[in-house]
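The values are calculated or read from the model by the stated rules, or taken from the named source; none is laboratory data. Every value quoted in this text rests on a predicted model; they were computed, and no experiment measured them. For neighbour counting, all protein chains shown are included, and Cβ atoms are generated from backbone atoms with ideal geometry for every residue, glycine included.
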Amino acid sequence: MSAKEKEAQAAAAAATSSNSAKNWKERLKGELRWNKKLIVLKLVLFFFQGGTMGFLPFLTLHMQQLGITVKEIAIVYAFLPIASLLGPPTSGLIADKFGRYKIVVIINIIITTILHCCLLYVPPRDKNSLTFTCGLQEPRLTWDTCDYCHDDRNNSSLDLVLQNCKFLCETPPKEPKLCYYTGHNTSTCHTFDMNTQLHINGTISSLRVNDTCSHRWVNLTHDEKSYQGVRCFHECPIRCQVKGMPHCEHPEDPSNKPDTFWIYFAIRITATFFLASAFTMLDATTLAVIRDHDGDFGKQRVLNMIGQAVVPLIAGILVDFHSSSIGYSDYMPALYLGASFNVVAVILVGKLHCNADKAGDNILSDLKKLITKPEIDLFLVMIWVLGCNWGFIESYLFVYLIELNAPNYMLGLTLTVGCIVGVPVMYVTDKIVDKLGRHMVFIISFATYAIRQFGYANITDPWLVFPFEMLEVFTYQIMWVAAVTFCPILAPKGLLATMTGLAGAIHYSVGRGVGALLGGYLIAQYGLSFAFSFFGYVCVIGGAIYTLVYILYIKKRTQPREKELNIQNIQENADEGKPMIKKESLTGVIVAAKTEKNEDV
């Protein structure tokens, strides 16, 4: 080969490399470019998801603030899945009947916002706080007021928690000490941090002095050693708040006013009905909007996930700041922050351009077809099994981490890690779904859930949870994009919102409820590690069965419908004069072919 030929080859290779780099940059730029027609939709998802996640984590704490007991909280959460199950299909049917997705979404968000703000005005029960004081006087546990259960607590063995301790003198000592003594006047003193919680096991004996009800603390256990009592080492008195005392269940006690529970129950159940409806209707609306504007479903959820990661953090900071200024915990800032975000979401929904197919005149007949089609039933069973795994992890992973002595900040960090991994993946989720196929995504989700469940079951260090949390991108983000975009393929014409709502209800309500219930039973009987392993085997078996059923049955039933929608969308765009590039598969109702230049998000 001559020198000139070598130079020509080198120049051609350099040109090819330059073009390849240029094409790669152009493709990346195209993937990251935002379609201006879809910016409003992205903002809607950001403000609604951020707004709702801004207050939802604080609702249980708010119930406790109102004086609602643990048993009553359990009753509320037992009924919430029912409201979540009924809401989405109901809203979906109404939206499909009249073809008015936007109106249904707006109504759901407005009612959701109003009802959750109404929770702030539920009348609280009378509170009877218990404090621990020691120093100049004999250590006592003293109630604000005497209740009907005071004498019944006599000689009760309890594990109580001291928190928010404060010195009651002008010159407090630098190292507070608590001393445990025996009958031989020997003491064992321990320095403790005033800013942390202190657990003490012991027996209480009841006292009544004039109108004051209090308890002595006797027969203490600390570091597996028994002591007769406790006293403070310093003369400077100490006062601490006490948690862990059983609630008084006497029906005549002021802390048991039934109105608080029933008012809260009615508002919360109704609010959850519309909240679940709003979530699933936004999925259906997103599908309808991106069909008209040539977008990808996964990319619209990027701001959704950012809102989920950022707004709860802001809400927590506001709650801490507000509570420190008034001297007690108050979750009002979180609810009002979420409400303000939801108001913005409502305004933005009104600006969306959404064309939805209207259901036929005989909607009951179409609904019957929806719930009796074998491929739809198999899809819902698959979504339900995956939902059971999601619900079990959501309900008990934090409990497991606490058992492994994880610090509190680490719990929130697990959510942050999932969002950090998920956000960039959402940009290419639709292409992943197209490349692999939805059914392969579902099979991978089963396998990934199995890896997560077995991994959790065998870790001994809580920090090892993070590699398994990163896999959530397959079990949640990518899986749910595949599931939602499968709904248009399965749903009869005009029942897209109903199908989407049913899928969301089965996964997030029924699946989560069954997973939490079954998981709780397994944990009570066999322990957390066994429960995680059990769900791992469920995923292995469920994934194998779904793979077999797909090969033998589902594939034949769904491929013709997918090709039909593919051709239909190509024809619709051809009628609009757009040059087409045919794809092998369809991502939901997204146009199956795009112009070469229109690769906007």
Original post:
So is residue 440 buried (at least 24 other Cβ atoms within 10 Å of the Cβ), under 21 Å from residue 296 (Cα atoms) and assigned by TED's automatic domain parsing to the domain that holds residue 402 or not?
Top reply: no
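Conditions (1) on the phi < 0 side of the Ramachandran plot; (2) at pLDDT 75 or above; (3) not charged (D, E, K, R), marked per residue:
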site	(1), (2), (3)
251	yes, no, yes
268	yes, yes, no
278	yes, yes, yes
289	yes, yes, yes
297	yes, no, yes
303	yes, yes, yes
317	yes, yes, yes
Subject >> Lone unmet requirement of (1) within 20 Å of the chain's Cα centre (by Cα); (2) of a type outside the set (Val, Ile, Thr); (3) closer than 13 Å to residue 270 by Cα for residue 53 >> reply: (3)
Original post:
Among the residues of segment 76-90, is any assigned to a loop (DSSP other than H, G, I, E, B), of a type in the set (S, T, N, Q) and at pLDDT 80 or above?
Top reply: no
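So that you can scan it fast, the table gives a plain yes or no per residue for (1) in contact (Cβ under 8 Å) with a residue 40 or more places away in the chain; (2) closer than 20 Å to residue 59 by Cβ; (3) surrounded by fewer than 21 Cβ atoms within 10 Å (Cβ to Cβ); (4) touching a strand residue (DSSP E or B) at 6+ places or on another chain (Cβ under 9 Å):
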position: 297; (1), (2), (3), (4): yes, no, no, no
position: 303; (1), (2), (3), (4): yes, no, no, no
position: 307; (1), (2), (3), (4): yes, yes, no, no
position: 310; (1), (2), (3), (4): yes, yes, yes, no
position: 317; (1), (2), (3), (4): no, yes, yes, no
position: 322; (1), (2), (3), (4): no, yes, yes, no
position: 329; (1), (2), (3), (4): yes, yes, yes, no
position: 335; (1), (2), (3), (4): yes, yes, no, no
position: 339; (1), (2), (3), (4): yes, yes, yes, no
Subject >> Contacts under 8 angstrom Cβ, first residue in segment 492-516 being outside the structural domain of residue 78 (by TED's automatic domain parsing) and closer than 20 Å to residue 95 by Cα, partner in a helix (DSSP H, G or I) and of a type in the set (Lys, Arg), 6 or more apart >> reply: 492/369
**OP:** State all residues of segment 114-144 that are loosely packed, with under 15 Cβ neighbours inside 10 Å and farther than 23 Å from residue 62 by Cα; if no residue qualifies, say none.
**Re:** 136, 137, 138
Original post:
Under 6 Å by Cβ, and 6 or more places apart or on different chains, what pairs join a residue from segment 440-454 that is farther than 16 Å from residue 485 by Cα with one that is not in a helix (DSSP H, G or I)?
Top reply: 448/471; 452/471
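From the list 420, 459, 432, 451, exactly one residue is at pLDDT below 85 and β-branched (Val, Ile, Thr). Which is it?
Values: 459 fails: at pLDDT below 85; 432 fails: at pLDDT below 85; 451 fails: at pLDDT below 85.
That would be 420, the only listed residue that is at pLDDT below 85 and β-branched (Val, Ile, Thr).
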**OP:** Exactly one condition in (1) assigned by TED's automatic domain parsing to the domain that holds residue 347; (2) touching a Cys at 6+ places or on another chain (Cβ under 9 Å); (3) of a type outside the set (Val, Ile, Thr) is not met by residue 176; state its number.
**Re:** (1)
**OP:** Kindly list, by first and then second residue, each pair from a residue in segment 411-433 that is on the phi > 0 side of the Ramachandran plot to a residue that is acidic (Asp, Glu), limited to pairs with Cβ atoms under 6 Å and residues at least 6 apart or on different chains.
**Re:** none
**OP:** Kindly state which strands (runs of 3 or more DSSP E) lie completely within segment 93-195 and contain at least 2 residues that are within 37 Å of the chain's Cα centre (by Cα) and polar (S, T, N, Q).
**Re:** 156-167
**OP:** Keeping to segment 546-569, report how many residues are modelled with pLDDT of 70 or more, β-branched (Val, Ile, Thr) and surrounded by fewer than 14 Cβ atoms within 10 Å (Cβ to Cβ).
**Re:** 1
**OP:** With the condition kept exactly as written, say whether any residue in segment 38-47 is surrounded by 19 or more Cβ atoms within 10 Å (Cβ to Cβ), part of a helix (DSSP H, G or I), at pLDDT 60 or above and touching a Phe, Trp or Tyr at 6+ places or on another chain (Cβ under 8 Å).
**Re:** yes
